[in-house]
1. Among the residues of the range A:182-220, how many are closer than 28 Å to residue A:536 by Cβ, more than 17 Å from the chain's Cα centre (by Cα) and assigned to a helix (DSSP H, G or I)?
2. Taking only pairs six or more apart or across chains, which ones have beta-carbon atoms under 8 Å, a first residue in the range A:183-203 that is away from every other protein chain (no Cβ under 12 Å), and a second residue that is in a helix (DSSP H, G or I) and open to solvent by 10 Å² or more (accessible area, probe 1.4 Å)?
3. Quick check on this structure: which one of A:292, A:297, A:267 is over 15 Å from residue A:335 (Cα atoms) and among the hydroxyl-bearing types (Ser, Thr, Tyr)?
4. Would you point out which residue out of A:530, A:517, A:511, A:503 is out of contact with any Cys (no Cβ under 7 Å at 6 or more places or on another chain) and over 24 Å from residue A:427 (Cβ atoms)?
5. Exactly one of (1) free of Cβ contacts under 8 Å to residues at least 40 places away in the same chain; (2) among the polar types (S, T, N, Q); (3) more than 14 Å from chain B (Cβ to nearest Cβ) is unmet by residue A:353. Its number?
6. Select, from A:63, A:137, A:67, A:129, the only residue that is on the phi < 0 side of the Ramachandran plot, free of Cβ contacts under 8 Å to residues at least 60 places away in the same chain and in contact with a His (Cβ under 7 Å, 6 or more places away or on another chain).
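The values are calculated or read from the model by the stated rules, or taken from the named source; none is laboratory data. Note that this is a predicted model, so its numbers are computed, not measured. Here Cβ is always computed from backbone atoms with ideal geometry, including for glycine, and neighbour counts include all displayed protein chains. Side chains included, ligands, DNA and RNA excluded: accessible areas come from the protein's heavy atoms. Shrake-Rupley method; radii C 1.70, N 1.55, O 1.52, S 1.80 Å.
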Amino acid sequence: MSSVTAGHVSPGHADHGHDDHHHATPTGWRRWLFATNHKDIGTMYLIFSFVMLLEGGTLALLLRTELFEPGLQFFRPELFNQFTTMHGLIMVFGAIMPAFVGFANWMVPLQIGASDMAFARMNNFSFWLLPVGGIMLTASFFVPGGATAAGWTLYAPLSLQMGPGMDLAIFTMHILGASSIMGAINIIVTILNMRAPGMTLMKMPLFCWTWLITAFLLIAVLPVLAAAITMLLTDRHFGTGFFNAAMGGDPVLYQHVFWFFGHPEVYIMILPAFGIVSAIVPAFARKKLFGYASMVYATASIAVLSFIVWAHHMFSTGMPVTAQLYFMYATMLISIPTGVKVFNWIATMWKGSMTFETPMLFAVGFIFVFTMGGFTGLILSVAPIDIQVHDTYYVVAHFHYVLVAGSLFALFAGTYYWLPKWTGYMYSEKLGKLHFWSSLISFNVTFFPMHFLGLAGMPRRYADYAAQFTTFHQIATIGAFWFGLSQLIFLYAVLRCYARKGEPAPAKPWEGAEGLEWTVPSPAPFHTFETPPEVK
Amino acid sequence: MTPEQKRRNRTAGLVLFAVVAAIFAWVIFRGSDFLGGVAGLTGR
């Protein structure tokens, strides 16, 4: 990791000779609509993603309300399917992905000593595509036939048969995908071309490394998704038959193309989380990260392996046994670099002078609960078991352990860790700890019973169920409402900082923290590192 | 940002956009066959 010799440059100390920034801080609505500053755009990404998290969370609570008792209480099955689909699409493309891009916008330039992102105007365009997509997706509930109900994977042939809500979903995913591609290009070019002198690649903080690799994954697989849904669109409206069996096409082919995007997408949503945790664990263990180089190589290995395991999502489609064996063993391989990371975090903590402020609690919680999700993933990689539990609540439990206790907990950890830098104020430790324990317990109350529901045969995406599943569904529903309400604590804790309530934050609020971001004042000035710092 | 840095950024950005466009086209025209063939789908 790097050490810094020349610290920050405060606003107004710019090198005017070769800089095209406007040095006055813009005000009012123009500041946000025409934003080109990476910090402002990062903030907008984070606000957008939290709004979408609330929308997706509300849909989840509507699902859980219906599932509190067997039989149909509140919603028709068609509407229930729309809620399920939209919950998935909103959480994946509207909440988790933009949240990590928000973190990248805020932290990557600060961590590598760059004055801003490489393409500031494209950064603005990337962001403003998101509300357009978000509004369009939400509006699809109100078109004839309602929103798409084909599941977040939009599998053919169902997706070929739906109403205009499906077209809006396809268009939305094109827009959000274009936004992510531009964001990824921006991050790659920023990291490769704009690092401060002395900041070699192997001195970069792990968060930048994980984002660099994630950005390459995005570049590689989002065009695949775009192509898949374009083929859906042409099948729906322009007479092609890629996925239409009646025209010689094959619906299973859609699954192959989708999951060639979809599995790397899983790592797109978790690698930056690894980067955040790799920043926090050393800071609160007051030790250097154990095995920095192996963490970089493990991240790259996970990214490479993610391209060759896609069909483990499709064991039940009737693929040849040899293909099943290959995808089963290839998937198991991923546990090796993932294990390297988990062991490195534990080794970092070993004999460290640990304290458990809220970011560390969320990071340790992440390691514990994400590892459980990883293990159930390993179980699902075994083809004969997967065929038994395919499309059951076991799978729902597995991916929520990875995406909620994994990605979302890391996002919370990162928010509490860098919030003093963003706002200039310390959050309330009491609120943070309450948020953590309430979230951790309610998360497990919600999702742990789902493993047993799945093993007992409860299928996912069903509005009704047999009476023997009632108790576990009721526990899950109570946990879901508890988890949802817990997030209001988070909202309050963050808003308090923006309302300037709490202790003013010093430049480096965490004793063990390392990196260039802690050399600038808190809150970080509008312009930073206009004269690049020297890194030894 | 120096003019040299701007030039390098623009070049890198254009190369990455070209990669995105190439992957998109490849999936539509060739990739479906490839992905289907790898997993044992016949007749393609």
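1. Summing the residues that are closer than 28 Å to residue A:536 by Cβ, more than 17 Å from the chain's Cα centre (by Cα) and assigned to a helix (DSSP H, G or I) in the range A:182-220 gives 10.
2. Within 8 Å, the pairs are A:201/A:209; A:202/A:292; A:202/A:293.
3. Within the list A:292, A:297, A:267, the selection yields A:292.
4. So the residue among A:530, A:517, A:511, A:503 that is out of contact with any Cys (no Cβ under 7 Å at 6 or more places or on another chain) and over 24 Å from residue A:427 (Cβ atoms) is A:530.
5. Result: residue A:353 passes all but (1).
6. Exactly one residue qualifies, and that residue is A:63.
Per-residue answers, yes or no, for (1) open to solvent by 20 Å² or more (accessible area, probe 1.4 Å); (2) over 30 Å from residue A:354 (Cα atoms); (3) modelled with pLDDT under 95:
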position	(1), (2), (3)
A:188	no, yes, no
A:205	no, no, no
A:211	no, no, no
A:244	yes, yes, yes
A:252	yes, yes, yes
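Matching residues to (1) modelled with pLDDT under 95; (2) surrounded by fewer than 19 Cβ atoms within 10 Å (Cβ to Cβ); (3) in contact with a Gly (Cβ under 7 Å, 6 or more places away or on another chain); (4) not acidic (Asp, Glu):
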position: A:53; (1), (2), (3), (4): no, no, no, yes
position: A:58; (1), (2), (3), (4): no, yes, no, yes
position: A:85; (1), (2), (3), (4): no, no, yes, yes
position: A:100; (1), (2), (3), (4): no, no, no, yes
position: A:110; (1), (2), (3), (4): no, no, no, yes
position: A:132; (1), (2), (3), (4): no, yes, no, yes
